[in-house]
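FYI, it's all coordinate maths here, none of it is from the lab. Because the structure is a prediction, the values reported are computed rather than measured. As a convention, Cβ positions derive from the backbone with ideal geometry for all residues, glycine included, and neighbour counts pool all protein chains shown.
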Amino acid sequence: MKISVILCTYNRCQSLAKALDGVAAQTFQEPVDWEVLVVDNNSRDETREVVDDFCRRYPGRFRYLFEPEPGKSHALNAGIRDARGEILAFMDDDVMIEPTWLQNLTAALHNSEWAGSGGRILPEQTFSPPRWLSVEGRYAMPTLVFFDRGLEARPLVEPPYGTNMAFRKQMFEKYGGFRIDLGPRPGSEIRNEDTEFGRRLLAAGERFRYEPSAIVYHPTPEHRIRKDYFLKWWFDFGRASVREWGRGPSVLGIPRPYLNILKLGTIAMAREMGRWLLSLNPQRRFYYKCWVWMTAGQIKEYSRLLGTTSSISAKKWGGS
């Protein structure tokens, strides 16, 4: 059964080269037919030259695909359509992976028991969080894209993260692709395209497997370890969550967004602001401050939805 690794990239040719070195070094216990499909989402740097170099060095292993429509979901869906594998694994252009990552991530997907899988996403060993930032426990921040659910393989009851996940291609044929109104693009950092797809499958009764031995190391650039970055991320996270939920049905003729804005602007905002302002622990204090920003993002997105005439629907999903 063939495996396709889909890696979408945009103007990161230097980190891309390191990521491709990691995937080129993958090892398997038994012979496996696999490929790496690099989807260039309209980069303006030397991305094409980097990928061409790997295509020459590893004939038949690497392929290049250009997707001119801006937006990661467009690039992901283009990769899904062009991929030759029956199992599709996903990674980002700025991560480091262990040599057994691909084998371990996809090992359980060669039959119909599991629809997808997700592995551990760990920080680089040199990462040291500031005093105000929690990276584990109740107040851990998803902003840094770490995903560690322990050392035991088991069913996964939450969606995996996009830089360390795999699905049988049949899932995209059955449920559609990644939603194109979600996912980062130039001028917007609204995300959730990966977790929305996972939640869509879980809601349909599909099963995911957690593979702790499939390990990805995610970098933490200095510009991301700033409070203003976190607050903007949480604001956009609030907007993305509302896009995922949609308008919802009206209540007694009153559009649902009006009711949600009223609830968020009074009860939820007051609760989170109280937790923020009364917390003495710096990690808890900043955590709840982020929730205030997330609530503000939800209010903004519900306000936007009031100006639309229809709810977010399957038409927003990219085709496969």
Too long at a 29 Å Cα-Cα cut-off: which of Lys72/Lys300; Lys2/Lys174; Lys263/Lys289; Lys72/Lys232; Lys174/Lys227; Lys227/Lys263? Lys174/Lys227
Express the relative contact order of the range 227-315 as a whole percentage, based on alpha carbon pairs under 8 Å and six or more residues apart in sequence. 48 percent
Taking a ≥ b ≥ c as the square roots of the eigenvalues of the Cα gyration tensor, with a/c under 1.5 meaning rounded and otherwise prolate when a/b exceeds b/c and oblate if not, the range 3-224 is rounded
In Å, the Kirkwood hydrodynamic radius of the range 1-123 over pairs of distinct alpha carbons? 14.7 Å
Give me Rg/Rg_expected for the range 97-160, where Rg uses Cα atoms only and Rg_expected = 2.2 N^0.38 Å with N residues. 1.33
Extended-chain gain in nm, criterion 0.36 nm per residue less alpha-carbon gap, Asp45 and Ala270: 76.4 nm
Filtered GluC sites (Glu not before Pro), the range 137-200: DSSP coil and at most 12 other beta carbons within 10 Å: Glu152
To the nearest 10 degrees, how steeply does helix 47-57 sit against the main Cα axis of the chain, on a 0 to 90 scale? 30 degrees
Selection of GluC sites (Glu not before Pro), the range 13-81, meeting DSSP coil and at most 15 other Cβ within 10 Å: Glu46
Of Thr100, Gly176, Tyr139, which is farthest on the positive side of the dipole of the chain, counting Cα position, with +1 on Lys and Arg Cβ, -1 on Asp and Glu Cβ, and the Cα centre as origin? Tyr139
Using alpha-carbon coordinates, inclination of helix 72-82 to the longest axis of the chain, degrees: 30 degrees
Relative to the compact-globule estimate 2.2 N^0.38 Å (N residues), the Cα gyration radius of the range 227-315 stands at a ratio of 1.19
For the range 110-139, state which chymotrypsin sites (Phe, Trp or Tyr not before Pro) are in a DSSP loop and have at most 13 other beta carbons lying within 10 Å of their beta carbon. none
Taking Cα pairs closer than 8 Å and at least 6 residues apart, the relative contact order of the chain in percent is 19 percent
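What does the helix-only formula give at 222 nm for the chain: each DSSP H stretch with n ≥ 4 adding -39500 (n - 2.57), the total divided by the residues, and the result rounded to the nearest 500 deg cm²/dmol?
It comes out at -11500 deg cm²/dmol, rounded to the nearest 500.
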